[in-house]
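J.: Starting off with a structure, shown below.
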2 protein chains.
Amino acid sequence: MTSTLGGLSTDSPARELVCRGCGARFPLAAQHACFECFGPLEIGYDLDALKRVTRERIAAGPDSIWRYAPLLPVGHDPATRVTLNPGWTPLVRADALAQAIGLRAPLWVKDDSANPTHSFKDRVVSVALTAARALGFTRFACASTGNLANSVAAHSARAGVPSMVFIPADLEPGKILTTAVYGGDVVAVDGSYDDVNRLCSELTEADEFEQTAFVNVNVRPFYAEGSRTLGFEVAEQLGWRLPAQVVIPMASGELLTKIDKAFRELVETGLVAEAPWRVFGAQSAGCNPIATALHADTDQIVPVKPTGIAKSLNIGDPAAGLYALEAVRRTGGWMDYADDDEIRDAIRLLARTTGVFAETAGGVTVAVLRKLVASGHLDPDAETVVFNTGEGLKTIDAVAHLVGPTFRVRPSLRAAREAGLFRESL
Amino acid sequence: MTSTLGGLSTDSPARELVCRGCGARFPLAAQHACFECFGPLEIGYDLDALKRVTRERIAAGPDSIWRYAPLLPVGHDPATRVTLNPGWTPLVRADALAQAIGLRAPLWVKDDSANPTHSFKDRVVSVALTAARALGFTRFACASTGNLANSVAAHSARAGVPSMVFIPADLEPGKILTTAVYGGDVVAVDGSYDDVNRLCSELTEADEFEQTAFVNVNVRPFYAEGSRTLGFEVAEQLGWRLPAQVVIPMASGELLTKIDKAFRELVETGLVAEAPWRVFGAQSAGCNPIATALHADTDQIVPVKPTGIAKSLNIGDPAAGLYALEAVRRTGGWMDYADDDEIRDAIRLLARTTGVFAETAGGVTVAVLRKLVASGHLDPDAETVVFNTGEGLKTIDAVAHLVGPTFRVRPSLRAAREAGLFRESL
């Protein structure tokens with residue numbers, strides 16, 4: 001299925017697909033790889049159309065990603081949206097966390113666990129499925145490490161469209177169940193995410209899947225654009241300016257590249273004043289191929305077999321790794337990785353200092369933030385935004401053995417006193 | 001500790017505490033029971049001050065409960081708020097759910113799982129703790145069936161204030177852990193919620209707890225006011241009008257009475273046009289003392305020992321039961337209750353038709369909605385709002401045995417075909 005986006009609104013600033021490898025250009029369609037060089041494609045915009053977008057127009061929009069519709073390829077007419085209306089999530093000032101890790105400048109947590117299915121994936125899925133419906137697809141699908149599956153299944157339920165999501169069979173039970181409860185098909189694959197992804201790529205070629213949009217395969221260029229809204233939101237929430245430093249988790253690496261792209265676009269369009277920013281990437285020690293390449297000062301990203309508790313980041317062969325390296329090098333940032341104990345500590349540190357309970361991916365990012373301050377790669381005197389992309393309730397096993405009741409008592413004053421509750425009193 | 005609210009902003013429309021039993025009036029303070037008749041107290045407002053509040057002023061406020069600050073007793077100066085900024089949660093149009101249960105008029109799901117700790121409790125906790133800090137308390141506490149504990153612990157972490165929350169020891173592990181992760185004290189009590197609540201009432205009298213605000217005990221009048229924001233939001237999201245019918249879960253019964261109160265206030269202040277509304281209450285079969293009293297046409301609410309999976313509603317001796325009965329009778333509504341299997345079915349029905357994954361309390365409410373339509377108590381031709389007050393991820397065990405992967409395959413096209421995936425194709 002390669003029909004072009006006939007239904008694309010004339011309000012859309014999107015004009016074409018552009019190869020990130022060779023620069024070849026193609027019509028807007030359900031195409032994700034370059035016919036010339038097999039490189040990945042991304043959306044090309046009419047810069048003049050983007051430049052006509054004003055802060056006022058955005059501020060007058062809804063409290064969701066759709067306030068940025070004028071900067072997105074699809075969804076300009078609200079009736080065309082396939083969406084749970086994600087986005088416009090809290091930017092939380094984190095003074096106590098900053099103090100705990102030695103940051104002196106303002107630190108903010110962009111908390112995307114506040115999205116409808118509690119991860120940043122709702123952003124990309126809303127854009128991808130809105131494009132998919134405009135392109136004529138009649139079933140929605142994805143390859144997922146969990147959060148994406150949750151989001152595709154929930155979006156499909158809301159839209160009344162059949163779905164089929166593919167996940168590694170060893171995912172956290174919380175993520176399997178919260179996908180299956182929405183009633184679509186859930187395919188557990190005996191293999192890694194990379195195996196799941198390969199299977200989905202093959203299925204897109206099968207006749208029986210011609211009408212099926214795999215959000216992160218055959219409509220991937222649209223999918224990836226949704227992540228830009230995270231960058232737009234941070235800038236708007238800071239009063240239309242860019243933070244000096246951002247720390248972003250990496251799975252495929254795409255999120256990092258799209259937040260960086262959003263910042264560039266905000267400068268190009270004049271929505272924010274030009275100012276330098278530095279991009280930092282976070283991986284887990286169990287899956288660190290991009291960070292390893294950076295540390296080795298090479299473009300050779302060697303695929304790994306992922307291990308460890310940060311399953312939502314466990315992509316061993318990261319599709320956008322090269323572009324993530326480019327963004328980090330260009331902006332003067334850095335990458336690092338954290339092991340499982342550091343991840344668990346960081347989840348608890350974040351919760352205790354901010355009231356935000358992050359999934360393991362958020363633990364990775366805060367743990368790496370901490371390391372970057374300690375190693376001097378991150379400037380402790382420059383304003384920093386750290387991204388929490390998911391919800392602690394989905395990866396509860398990561399910390400279940402570390403926290404619990406601090407007292408257990410029978411329901412009487414005497415029992416409470418004997419248990420030591422009164423000694424704890426202020 | 002009975003200091004009056006010396007720090008109360010002159011912007012506050014709150015004037016006094018009024019006994020819901022005998023009408024006696026007291027200064028605004030940390031007092032929850034009438035000195036005359038021991039009846040419960042609630043906030044009394046200056047109606048003229050409320051009438052000066054305009055739709056425009058509210059709409060110009062933040063995307064949280066604090067847009068209604070002019071209608072709340074505390075929090076007028078943003079710097080005084082102890083808050084995760086809850087509220088302004090989605091009102092989801094639910095056509096497919098309406099069709100599934102035989103409703104012909106518009107049906108909406110007010111989805112309060114979108115709050116920061118994923119239940120409506122964030123609303124009441126933000127108001128209670130903002131009052132508590134203004135009243136000089138230095139530690140925050142509560143008796144909780146789970147969601148309230150999550151919220152108090154997270155709010156306290158954000159505010160940097162010590163907390164001590166009290167829960168029944170047999171709570172869902174998800175709710176214990178997501179309280180403990182924020183680092184405050186968690187006291188597991190071997191007993192029912194009613195036992196926990198009694199213990200907390202006794203502790204408020206102990207010298208060692210003089211500086212401790214129990215949000216739903218000694219600052220309860222402020223706490224309860226936060227629920228009104230749910231009623232305000234529904235009306236504003238409907239374009240400043242009241243829905244004809246609302247279906248609300250009942251634990252203490254307080255939420256129902258406060259949504260009803262919010263509707264009355266909106267009419268009295270002229271913020272919405274006068275129109276009749278009917279209030280319906282939902283309980284579980286394992287804890288149905290209020291509905292049982294209604295069905296028996298009596299005001300005698302006989303306490304029960306709660307059972308069943310809807311633990312967040314398991315209050316066997318409901319403090320506001322009498323007032324809930326009054327609201328339902330006055331408005332021509334009704335109450336009903338659902339058993340555990342009906343609750344599980346309703347959780348799945350809601351998820352499949354709306355993309356909203358509710359905790360057991362939401363299952364109770366949707367199951368009762370369904371029964372009320374079937375029994376003819378609810379008018380299928382009148383616009384209806386059903387309230388989901390919590391998040392499915394917290395009560396995952398309720399449906400874990402009912403849903404799961406629909407296919408399990410090895411990562412190859414051939415395995416996918418043999419497993420029947422291609423037959424599922426569209």
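J.: Take the stretch B:412-426 and flag every residue that is more than 7 Å from every other protein chain (Cβ to nearest Cβ), among the aliphatic types (A, V, I, L, M) and in a helix (DSSP H, G or I).
T.: B:415
J.: Let me ask something else about it. Kindly evaluate residue A:336 against the criterion of being crowded, with 24+ Cβ neighbours inside 10 Å, of a type in the set (D, E, K, R) and free of Cβ contacts under 8 Å to residues at least 60 places away in the same chain.
T.: Considered against the rule, which asks whether it is crowded, with 24+ Cβ neighbours inside 10 Å, of a type in the set (D, E, K, R) and free of Cβ contacts under 8 Å to residues at least 60 places away in the same chain, residue A:336 comes out as yes.
J.: Step by step: first the residues of the stretch A:368-391, then only those that are among the aliphatic types (A, V, I, L, M) and more than 19 Å from residue A:286 (Cα to Cα), then the one that is surrounded by the most Cβ atoms within 10 Å (Cβ to Cβ). Which residue is that?
T.: At the first step, the residues of the stretch A:368-391 found to be among the aliphatic types (A, V, I, L, M) are A:368-369, A:372-374, A:378, A:382, A:385-386.
Okay, now just the ones that are also more than 19 Å from residue A:286 (Cα to Cα), so A:373-374, A:378, A:382, A:385-386.
Values: A:373: 20, A:374: 13, A:378: 25, A:382: 16, A:385: 27, A:386: 32.
Filtering the stretch A:368-391 for residues that are among the aliphatic types (A, V, I, L, M) and more than 19 Å from residue A:286 (Cα to Cα), the one surrounded by the most Cβ atoms within 10 Å (Cβ to Cβ) comes out as A:386.
J.: Also, I was wondering about something else. Looking at (1) surrounded by fewer than 24 Cβ atoms within 10 Å (Cβ to Cβ); (2) over 21 Å from the mean Cα position of the chain (by Cα); (3) within 19 Å of residue A:405 (Cβ to Cβ), can you tell me which one residue B:192 breaks?
T.: All conditions pass for residue B:192, except number (2).
J.: Would you be able to say whether some residue in the stretch A:364-372 is in the same structural domain as residue A:254 (by TED's automatic domain parsing), free of Cβ contacts under 8 Å to residues at least 40 places away in the same chain and on the phi > 0 side of the Ramachandran plot?
T.: Within the stretch A:364-372 (the criterion being in the same structural domain as residue A:254 (by TED's automatic domain parsing), free of Cβ contacts under 8 Å to residues at least 40 places away in the same chain and on the phi > 0 side of the Ramachandran plot), the answer is no, since none of the residues qualifies.
J.: Oh, and also: Which numbered condition in (1) surrounded by fewer than 24 Cβ atoms within 10 Å (Cβ to Cβ); (2) without any contact (Cβ under 8 Å) to a residue 40 or more places away in the chain is the only one that residue A:133 fails?
T.: If we test residue A:133 against (1) surrounded by fewer than 24 Cβ atoms within 10 Å (Cβ to Cβ); (2) without any contact (Cβ under 8 Å) to a residue 40 or more places away in the chain, just (2) comes out false.
J.: Evaluate the stretch B:100-108: report whether one residue or more is among the small types (Gly, Ala, Ser), under 22 Å from the mean Cα position of the chain (by Cα) and at negative phi.
T.: No.
J.: Now for a separate question. Consider residue B:164 against the criteria (1) surrounded by fewer than 24 Cβ atoms within 10 Å (Cβ to Cβ); (2) in contact with a strand residue (DSSP E or B) (Cβ under 6 Å, 6 or more places away or on another chain): it satisfies all of them except one. Which criterion is unmet?
T.: (1)
J.: Continuing with the same structure: Any idea which of (1) polar (S, T, N, Q); (2) touching a Phe, Trp or Tyr at 6+ places or on another chain (Cβ under 6 Å); (3) at the interface with chain A (Cβ under 9 Å from one of its Cβ atoms) is the one residue B:204 doesn't satisfy?
T.: Checking residue B:204 against (1) polar (S, T, N, Q); (2) touching a Phe, Trp or Tyr at 6+ places or on another chain (Cβ under 6 Å); (3) at the interface with chain A (Cβ under 9 Å from one of its Cβ atoms), the one that fails is (3).
J.: Are any residues in the stretch A:293-310 free of Cβ contacts under 8 Å to residues at least 24 places away in the same chain and either at negative phi or not assigned by TED's automatic domain parsing to the domain that holds residue A:234 (or both), and if so, which ones?
T.: A:296, A:298, A:300, A:302, A:304, A:307 - these are the residues of the stretch A:293-310 that are free of Cβ contacts under 8 Å to residues at least 24 places away in the same chain and either at negative phi or not assigned by TED's automatic domain parsing to the domain that holds residue A:234 (or both).
J.: Can I ask one more? Among the residues of the stretch A:390-426, which ones are among the basic types (Lys, Arg) and in the same structural domain as residue A:356 (by TED's automatic domain parsing)?
T.: If the condition is that a residue be among the basic types (Lys, Arg) and in the same structural domain as residue A:356 (by TED's automatic domain parsing), then A:394 is the only one that fits.
J.: For the stretch B:342-357, state whether one or more residues are closer than 18 Å to residue B:298 by Cβ, buried (at least 24 other Cβ atoms within 10 Å of the Cβ) and either among the basic types (Lys, Arg) or touching a residue at least 40 places away in the same chain (Cβ under 8 Å) (or both).
T.: Looking through the stretch B:342-357, none of the residues is closer than 18 Å to residue B:298 by Cβ, buried (at least 24 other Cβ atoms within 10 Å of the Cβ) and either among the basic types (Lys, Arg) or touching a residue at least 40 places away in the same chain (Cβ under 8 Å) (or both).
J.: Still on this model: So, in the stretch A:367-397, of the ones that are aliphatic (A, V, I, L, M) and farther than 23 Å from residue A:335 by Cα, which residue ends up farthest from the other protein chains (Cβ to nearest Cβ)?
T.: Of everything passing the filter in the stretch A:367-397, A:396 is farthest from the other protein chains (Cβ to nearest Cβ).
J.: Only one of these is at pLDDT 95 or above and over 16 Å from residue B:226 (Cα atoms): B:153, B:132. Name it.
T.: Values: B:132 fails: over 16 Å from residue B:226 (Cα atoms).
That would be B:153, the only listed residue that is at pLDDT 95 or above and over 16 Å from residue B:226 (Cα atoms).
J.: Got a sec? Which of B:214, B:232 is more than 10 Å from chain A (Cβ to nearest Cβ) and closer than 20 Å to residue B:146 by Cα?
T.: Residue meeting the stated conditions: B:214.
Yes/no per residue for (1) modelled with pLDDT under 95; (2) within 17 Å of the chain's Cα centre (by Cα); (3) within 25 Å of residue B:70 (Cβ to Cβ); (4) among the aromatic types (Phe, Trp, Tyr):
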residue	(1), (2), (3), (4)
B:259	no, yes, yes, no
B:269	no, no, yes, no
B:275	no, no, yes, no
B:284	no, yes, no, no
B:292	no, no, no, no
B:303	no, no, no, no
B:310	no, yes, no, no
B:319	yes, yes, no, no
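J.: Filter the stretch B:164-204 for residues that are polar (S, T, N, Q) and over 23 Å from residue B:84 (Cα atoms) and give the result. Break it down stepwise before answering.
T.: Keep residues of the stretch B:164-204 that are polar (S, T, N, Q), which gives B:178-179, B:192, B:197, B:201, B:204.
Correct list: B:192, B:197, B:201, B:204.
J.: Restricting attention to the stretch A:53-102, and to residues there that are among the hydrophobic types (A, V, I, L, M, F, W, C), touching a Leu at 6+ places or on another chain (Cβ under 8 Å) and within 11 Å of chain B (Cβ to nearest Cβ), which single residue is surrounded by the fewest Cβ atoms within 10 Å (Cβ to Cβ)?
T.: By that ranking, first place goes to A:91.
J.: Test each condition in (1) within 28 Å of residue B:98 (Cβ to Cβ); (2) out of contact with any Leu (no Cβ under 9 Å at 6 or more places or on another chain); (3) among the hydrophobic types (A, V, I, L, M, F, W, C) for residue A:200 and report the one that comes out false.
T.: Here residue A:200 meets the rest and fails (1).
J.: I'd like the full set of residues that are surrounded by 15 or more Cβ atoms within 10 Å (Cβ to Cβ) and at the interface with chain A (Cβ under 7 Å from one of its Cβ atoms), limited to the stretch B:398-411.
T.: Result: B:399, B:400, B:403, B:404, B:405, B:406, B:407, B:409, B:410, B:411.
The values are calculated or read from the model by the stated rules, or taken from the named source; none is laboratory data. Since the structure is predicted, the reported quantities are computational estimates derived from the model, not experimental observations. In this analysis, Cβ positions are derived from the backbone assuming ideal geometry, glycine residues included, and neighbour counts consider all displayed protein chains.
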